[in-house]
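Everything below concerns the one structure shown next.
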Amino acid sequence: VFARRALERFGWSVDPHDVLVLTDVVQAFYIGLHTFCEPGDGVVVQTPVYPPILNACGDVGRRRIDTTLVPGPRGYEIDFDDLRAKVDAHARIFMLCNPQNPTGRAFTRAELEQIATLAIERDLIVISDEVHADLVFPGHTHVPIASLGPEIAARTLTLMSATKAFNIAGLRCAVAIFGSDALKTRFRALPSHIRGGINSFGLGASEVAWTQAQPWLDEVLAYLDGNRALVAD
């Protein structure tokens, strides 16, 4: 179901065998940090950002490297000079939040290509929180960073869920998409029972959301866009 939706919505071809169902996105990036790098390794984080991303680094004993998004003509933008300067020899992970929470940016393909190039050059693994992928306003598109090409895909763990867009967060269900067998093997080294069980309500609701509820979401997006215009006025 997820692979079919990824192709329809984002033009992203995903092998269902590379999709792992988890309890939630936060759980997944904690596991990713725990299994993809060692204590003391650097984790690049773009601030301001969703607080659990900030907290995860310290909770698992990794060193957080902050690079700050800066106001620009399109809203908050990436300071690539600062980003390159901050990525030191001990950095192992790039934590991406796209669409970005809380700034609201859906990063452009050109911006993501620059991030991908940096990740490849510096040998970084990308953990990409894309939970707001379905909440993008007209005139913008969501581009999964792993869809940019096989080289960046091979070093990317993408995290998505129906919970934000379809308002079912309480049912707790997410998917992790691995761009390579190597990442999947490392992630799954943590036994499944430590990762926690998946509940049938979350599974069922996610399937219904992704296969039947798009007309509802289209109405919600139009309503939210109207609210945004009202606030701006």
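The values are calculated or read from the model by the stated rules, or taken from the named source; none is laboratory data. Keep in mind that this is a model prediction, so the values were computed, not measured. We place every Cβ from the backbone using ideal geometry, glycine too, and count neighbours over all the protein chains shown. Side chains included, ligands, DNA and RNA excluded: accessible areas come from the protein's heavy atoms. Shrake-Rupley method; radii C 1.70, N 1.55, O 1.52, S 1.80 Å.
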- Based on Cβ point charges of +1 for Lys and Arg and -1 for Asp and Glu, what charge dipole magnitude is obtained for the range 5-120 about its Cα centre, in debye rounded to the nearest 20? 140
- Message: Using amide H atoms built in the peptide plane, which far-off residues or other-chain residues are under 5 Å from LEU96 H to H?
- Response: ILE127, SER128, ASP129
- Given the peptides 156-164, 93-101, 192-200, arrange them by the average over their residues of other C-beta atoms within 10 Å, most packed first. 156-164, 93-101, 192-200
- Charge-dipole axis of the chain as Lys and Arg at +1 and Asp and Glu at -1 on Cβ define it, positive-most pick from THR108, PHE137, PRO52: PRO52
- Note on the structure: Along the dipole axis of the chain (charges at Cβ: +1 for Lys and Arg, -1 for Asp and Glu; origin at the Cα centre), the most positive-end residue among LEU217, VAL1, GLY61 is GLY61
- Can you tell me the order of 204-210, 218-224 when each peptide is scored by its average per-residue count of other Cβ atoms within 10 angstrom, highest first? 204-210, 218-224
- Where Lys and Arg each count +1 and Asp and Glu each count -1, what net charge lies around GLY61 among other residues with Cβ under 12 Å from its Cβ? 0
- Query: In whole angstrom, and with the biggest value first, how far do the Cα coordinates of the chain range along each principal axis?
  - Reply: 47, 45, 31
- Task: Quick one: which residues, 5+ away or cross-chain, put their amide H under 5 Å from the amide H of ALA91? H built at 1.01 Å from N.
- Result: GLY42
- Note on the structure: Answer in debye to the nearest 20: the dipole magnitude of the chain about its Cα centre, from +1 Lys/Arg and -1 Asp/Glu charges placed on Cβ, is 480
- Note on the structure: Relative contact order as a percentage, the chain, C-alpha pairs under 8 Å and 6+ apart, gives 23
- What distance in nm separates the simple spin-label points at LEU230 and ARG188, each placed 7 Å from Cα in the Cβ direction? 4.8
- Rounded to the nearest 500 deg cm²/dmol, what is the calculated helix-only ellipticity per residue at 222 nm for the chain, with -39500 (n - 2.57) per DSSP H run of length n ≥ 4? -12000 deg cm²/dmol
- Query: When ranked by the protection proxy of mean other Cβ atoms within 10 Å per residue, highest first, what sequence do the peptides 60-67, 143-150 form?
  - Reply: 143-150, 60-67
- Note on the structure: In whole angstrom, the spacing between the Cα centers of the range 162-218 and the range 1-53 equals 11
- Item | Per residue value of the accessible surface for the range 15-100 (all protein chains in place, 1.4 Å probe), Å² | 42
